[in-house]
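One structure is given below, encoded as structure tokens.
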Amino acid sequence: MLTEPSPLTMRLSLPLTLLLLGAWAIPGGSEDRAPLTATAPQLDDEEKYSAHMPAHLRCDACRAVAYQMWQHLAKAEAKLHTPDSGGRRWELSESVYIDVLDKSCSQSWQGYGVREVNQVKRLTGPGLSKGPEPSISVMITGGPWPTRLSMTCLHYLGEFGEDQIYEAHQQGQGALEALLCGGLKGACSEEAPVTRTEL
């Protein structure tokens with residue numbers, strides 16, 4: 001017995017049908033190109049189940065945290081600029097930047113995940129693109145990554161404190177990333193220990 005498709009099925013199938021028809025309608029379409037393929041990164045047990053950020057992804061995580069802190073602080077400062085402020089730069093009060101930094105750590109972190117580029121797993125998301133992007137890739141988001149990023153962010157707040165982080169922010173995005181991720185023991189230093197330090 002045949003049943004009539006539901007309106008939802010019809011709505012979903014129409015764009016798919018148009019996409020498929022469009023691929024065949026392009027002159028020299030799929031016959032001239034090699035098919036694009038991508039596979040999801042194969043995560044090891046630490047990447048799947050550990051509560052902490054895996055050591056090989058800590059530099060990327062630190063850079064993501066620095067970017068998000070900088071973005072949140074910059075947005076809060078932009079709200080202080082009014083048309084009559086004459087371009088003056090206003091500083092956030094201590095209570096405001098403490099609140100903004102706490103919110104930057106407690107955000108959803110949903111735009112971040114892991115993908116494999118040239119057989120190397122990398123954390124990807126806003127503020128992390130460096131170098132040429134692959135033409136096609138699969139990114140694994142959700143799962144433990146948002147919690148790990150939030151914990152990493154809170155770790156840096158505890159290690160450096162809101163005052164020092166805001167001072168670095170005022171010197172620019174590079175200065176903030178250098179504070180959090182650089183230095184001899186920083187997550188992005190060449191000699192960063194690859195021990196299982198709990199973040």
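Before moving on, here are some points about what is shown:
- Elements of type strands (runs of 3 or more DSSP E) contained in the range 80-173, each with 2 or more residues being among the aliphatic types (A, V, I, L, M) and at pLDDT 75 or above: 120-124
- Pairs with Cβ under 6 Å, 6+ apart, first in the range 102-124 and over 16 Å from C62 (Cα atoms), second part of a strand (DSSP E or B): R115/T124; R115/M139
The values are calculated or read from the model by the stated rules, or taken from the named source; none is laboratory data. Keep in mind that what you see is a predicted model, and the values were worked out from it rather than measured. Cβ: placed from backbone, ideal geometry, glycine included. Neighbour counts: every protein chain shown.
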